[in-house]
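S.K.: My questions all concern the structure below.
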Amino acid sequence: MSENDGQRFDRLPATAAEREVDGRATREEVVDWWADRFGISPETFDDHTFWEKGAGKIWIFAGDAPSPITIEGLGMTFLRTRQEHWKPTTDAVQRFGRLATKNVFELTDEQAERFVDGQDQEIPYDGDWGYVIAAHELAGEREPIGVGLYVYGELKSTVPKGRQRSV
Amino acid sequence: MEPFERYRDVVDDFEAFIDACRRSLPMAVRVNTLKATPEQVERAFDEAGVGYERADWHPHVVRVETDTPGATWPSIHGWVHGQEEVSTIPGTVLAPEPGDRVLDACAAPGSKATQLAAEMDDAGTLVANDNNLGRLSALRFNCERLGVTNVAVTNRDARNFSLKPFAAGGEHEGPQFDRVLVDAPCSCEGTIRKNPDALDGWSEDHVAGIAGVQKGILRRAIQVTRDGGQVVYSTCTFAPEENEAVLDHVLEREDCRLVDYDLALEHDDGLTEWRDTEFDPQVAKAKRVYPHQNDTGGFFTAKLEVSA
């Protein structure tokens with residue numbers, strides 16, 4: 001096993017059998033995580049490749065590129081791995097979260113406004129603790145806003161400072 | 001406005017031009033079709049009580065009656081991107097298709113790059129390059145907010161853009177591009193309605209200096225485009241030194257030609273002469289948009305085809 005080089009993009013191995021870099025997530029683990037956590041089917045990502053740059057930061061790219069590749073960005077940051085609880089990014093949840101069938105918090109207008117403003121709020125919920133998708137209704141559809149952390153009866157907003165807004 | 005005096009003889013109704021340059025610009029957004037339809041955006045603006053009007057020349061451009069479109073739900077979800085109307089011209093003219101390999105040579109902060117990704121329906125590869133490392137974070141932020149996953153971001157001087165990082169195993173260089181956008185750094189005269197201080201520091205020396213950079217960028221863009229591929233050259237300035245003169249320079253040195261295109265905005269043809277210089281007559285196929293013609297900013301756009 002070799003060490004992760006945080007300065008370049010490496011395509012994730014398809015499965016654990018092909019893993020060459022210690023601790024690196026596999027494509028199979030990544031798509032299974034989205035299926036287990038949010039019910040998003042692995043086929044959703046058939047046209048995408050997954051890459052690691054930086055320790056544990058997984059990027060999703062439409063199509064393919066030579067691996068490794070040393071450039072500034074490749075697709076969208078997608079998932080934080082190499083930690084006990086993997087964490088999806090706000091941007092990934094906004095892009096793919098419409099397909100989620102579980103661990104989705106449907107917020108009222110007022111709750112949604114507080115959430116996107118970065119505020120934590122106490123909301124009763126009987127689902128799993130951990131990272132959830134916060135959503136609300138917009139133009140007649142359920143639309144994902146971002147990632148919440150649900151613990152001890154409280155929905156913590158993890159909307160990054162640069163994405164927080166006062167609606 | 002004094003630098004604009006030199007355009008008195010080339011702009012029709014010069015007084016109306018100057019008057020328009022003094023007015024502030026209407027706020028506009030572009031619908032990000034990767035995430036929403038114009039109908040969804042309009043319904044969301046209705047729910048928020050924000051007035052709007054769809055532009056008649058472009059199905060995805062909406063003029064909005066708010067000074068802070070960024071604090072509305074359509075923006076938070078990446079359904080829309082605040083973008084001046086004329087800034088959507090070059091992406092519309094380049095019109096990349098899903099599966100294309102596309103380069104945006106001067107991409108930060110990403111308004112046009114994200115429009116290209118939307119035109120491609122996020123399929124194919126968009127290389128978004130900028131030489132300014134500090135502005136790459138804005139480029140990446142906008143790409144991610146708008147849900148783009150087909151973008152590869154590079155940090156090169158566009159005059160020396162390299163295909164090497166994309167070389168497959170055993171190859172020396174990566175593939176050439178089907179389409180390239182050169183939305184060049186410029187003297188920004190056409191942004192005067194958005195930035196009233198746009199002309200501070202204006203001088204003919206400054207214009208000449210930028211024109212040298214523009215020529216280098218456009219030549220390199222032609223070189224990395226496949227035979228039969230297309231390149232769009234655009235600026236947000238009126239200075240012929242940065243527009244027709246750049247085209248004239250590149251037409252003489254690279255194997256390419258200017259091509260016609262449609263634009264449903266009122267505009268003028270490119271200038272075939274400026275002061276004592278005559279340009280290649282092909283430059284008339286470029287289009288100049290002046291602020292008083294459509295109540296927008298000013299813009300210049302040309303479409304080139306790389307010869308087979």
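S.K.: If I go through segment B:147-185 residue by residue, how many of them are in contact (Cβ under 8 Å) with a residue 60 or more places away in the chain and over 18 Å from the mean Cα position of the chain (by Cα)?
M.R.: 7
S.K.: Being more than 13 Å from the chain's Cα centre (by Cα), assigned to a loop (DSSP other than H, G, I, E, B), closer than 23 Å to A:Gly130 by Cβ and not assigned by TED's automatic domain parsing to the domain that holds A:Leu149, is that true of even one residue in segment A:43-56?
M.R.: yes
S.K.: Would segment A:26-38 turn up any residue that is assigned by TED's automatic domain parsing to the domain that holds A:Thr89, among the small types (Gly, Ala, Ser), open to solvent by 40 Å² or more (accessible area, probe 1.4 Å) and modelled with pLDDT of 95 or more?
M.R.: Within segment A:26-38 (the criterion being assigned by TED's automatic domain parsing to the domain that holds A:Thr89, among the small types (Gly, Ala, Ser), open to solvent by 40 Å² or more (accessible area, probe 1.4 Å) and modelled with pLDDT of 95 or more), the answer is no, since none of the residues qualifies.
S.K.: So, in segment A:61-70, exactly how many residues are facing chain B (nearest Cβ under 7 Å), over 20 Å from the mean Cα position of the chain (by Cα) and open to solvent by 10 Å² or more (accessible area, probe 1.4 Å)?
M.R.: Within segment A:61-70, residues that are facing chain B (nearest Cβ under 7 Å), over 20 Å from the mean Cα position of the chain (by Cα) and open to solvent by 10 Å² or more (accessible area, probe 1.4 Å) number 3.
S.K.: Of A:Arg80, A:Arg37, A:Arg19, A:Arg98, which residue is under 25 Å from B:Asn32 (Cα atoms) and among the basic types (Lys, Arg)?
M.R.: Just one listed residue meets the conditions, A:Arg98.
S.K.: Could I ask something else about it? Looking at B:Ala138, B:Ala123, B:Ala168, B:Ala118, which one is open to solvent by 10 Å² or more (accessible area, probe 1.4 Å) and either closer than 25 Å to B:Ile210 by Cα or not assigned by TED's automatic domain parsing to the domain that holds B:Gln230 (or both)?
M.R.: B:Ala138
S.K.: Examine segment B:263-277 for a residue that is open to solvent by 20 Å² or more (accessible area, probe 1.4 Å), touching a strand residue (DSSP E or B) at 6+ places or on another chain (Cβ under 6 Å), closer than 20 Å to B:Gly91 by Cα and part of a strand (DSSP E or B), and state whether such a residue exists.
M.R.: Yes, there is a match, as at least one residue in segment B:263-277 is open to solvent by 20 Å² or more (accessible area, probe 1.4 Å), touching a strand residue (DSSP E or B) at 6+ places or on another chain (Cβ under 6 Å), closer than 20 Å to B:Gly91 by Cα and part of a strand (DSSP E or B).
S.K.: If you go through segment A:35-53 one residue at a time, how many are away from chain B (no Cβ under 14 Å) and closer than 17 Å to B:Thr149 by Cα?
M.R.: Count: 3.
S.K.: Restricting attention to segment B:19-48, report how many residues are more than 15 Å from B:His81 (Cβ to Cβ) and either outside any loop (DSSP other than H, G, I, E, B) or open to solvent by 70 Å² or more (accessible area, probe 1.4 Å) (or both).
M.R.: 12
S.K.: Among the residues of segment A:124-167, write down those that are of a type in the set (A, V, I, L, M) and either part of a strand (DSSP E or B) or open to solvent by less than 20 Å² (accessible area, probe 1.4 Å) (or both).
M.R.: A:Val132, A:Ile133, A:Ala134, A:Ala135, A:Leu138, A:Ala139, A:Ile145, A:Val147, A:Leu149, A:Val151, A:Leu155, A:Val159
S.K.: So, one more: Would you confirm, using the coordinates I've provided, whether A:Val104 is more than 14 Å from every other protein chain (Cβ to nearest Cβ), among the β-branched types (Val, Ile, Thr) and surrounded by fewer than 17 Cβ atoms within 10 Å (Cβ to Cβ)?
M.R.: No; evaluated as a whole, the condition is false for this residue.
S.K.: Which one of these is under 30 Å from A:Ser166 (Cβ atoms), of a type in the set (D, E, K, R) and more than 14 Å from chain B (Cβ to nearest Cβ): A:Lys87, A:Lys57?
M.R.: A:Lys87
S.K.: Among all residue pairs at least 6 apart or on different chains, which show Cβ distances below 8 Å where the first residue, located in segment B:239-251, is open to solvent by 10 Å² or more (accessible area, probe 1.4 Å) and the second is of a type in the set (Lys, Arg)?
M.R.: Here the result reads B:His249/B:Lys215; B:Leu251/B:Arg257, each pair linking segment B:239-251 to a residue that is of a type in the set (Lys, Arg).
The values are calculated or read from the model by the stated rules, or taken from the named source; none is laboratory data. Given the structure is predicted, the values throughout are model-derived calculations rather than measurements. When we count neighbours, we look across all protein chains shown, and the Cβ atoms used for this are built from the backbone with ideal geometry, even at glycine. For the accessible areas, the whole protein counts, side chains as well, though only heavy atoms, and no ligand, DNA or RNA atoms are used. Shrake-Rupley method; radii C 1.70, N 1.55, O 1.52, S 1.80 Å.
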